[in-house]
1. Please list K27, K35, K75 from largest to smallest accessible area, probe radius 1.4 Å, with all protein chains kept in place.
2. Using amide H atoms built in the peptide plane, which far-off residues or other-chain residues are under 5 Å from F36 H to H?
3. For a 26 Å ceiling on Cα separation, which of these pairs sit above it: K8/K35; K8/K85; K75/K126; K35/K75?
4. Would you kindly derive the ³J(HN,Hα) couplings of segment 77-93 from the backbone phi angles with the Karplus curve 6.51 cos²θ - 1.76 cosθ + 1.60 (θ = phi - 60°), listing them in order in whole Hz, with x for Gly and Pro?
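The values are calculated or read from the model by the stated rules, or taken from the named source; none is laboratory data. This is a predicted model, so every value here is computed, not measured. We work out accessible area using only protein heavy atoms, side chains counted, and drop any ligands, DNA or RNA first. Shrake-Rupley method; radii C 1.70, N 1.55, O 1.52, S 1.80 Å.
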Amino acid sequence: IVAPLEQKFYARAAQWPALSKASVREKLEELLEIKFASPQNGADSCTLGSQNAVECGICYAYELDAWESGDKAPKVPSVACEYSKCARMYHAECLLEWLRGLSTTRESFGLYLGECPYCSNIISVKVTK
């Protein structure tokens with residue numbers, strides 16, 4: 001999920017100064033050829049623990065397309081941080097890739113334990129294949 005975006009970013013990074021958009025967000029959207037999720041009705045959807053926080057806390061998408069997740073149907077975030085003040089939701093695939101990138105993550109019998117990207121409390125995800 002992250003690797004294709006990273007490749008696209010580095011392949012087109014030289015275009016950054018020439019992009020016509022004003023904000024960093026708009027430039028990234030143009031550079032990566034994607035549209036980031038945005039708050040609905042002016043509400044802050046990124047507030048930790050809010051009712052509107054249904055997008056993945058890593059990729060900020062509401063659903064992973066079937067071709068991205070390898071399944072027949074789109075996936076919604078299914079793993080939540082258990083810390084009540086955070087309660088951020090993640091796609092299992094995004095969280096797994098995040099945890100694999102941390103040196104402090106521990107893996108045992110297909111269960112990855114590491115730090116939540118937002119609050120640093122312990123979070124886990126099971127590898128299912």
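1. Sorted descending by solvent-accessible area, the residues read K35, K75, K27.
2. For F36, whose amide H was placed from the backbone, there are no distant partners under 5 Å.
3. Beyond 26 Å: K8/K85.
4. My calculation for segment 77-93 gives x, 10, 10, 10, 5, 7, 6, 4, 7, 9, 6, 5, 9, 9, 6, 4, 5 Hz in order.
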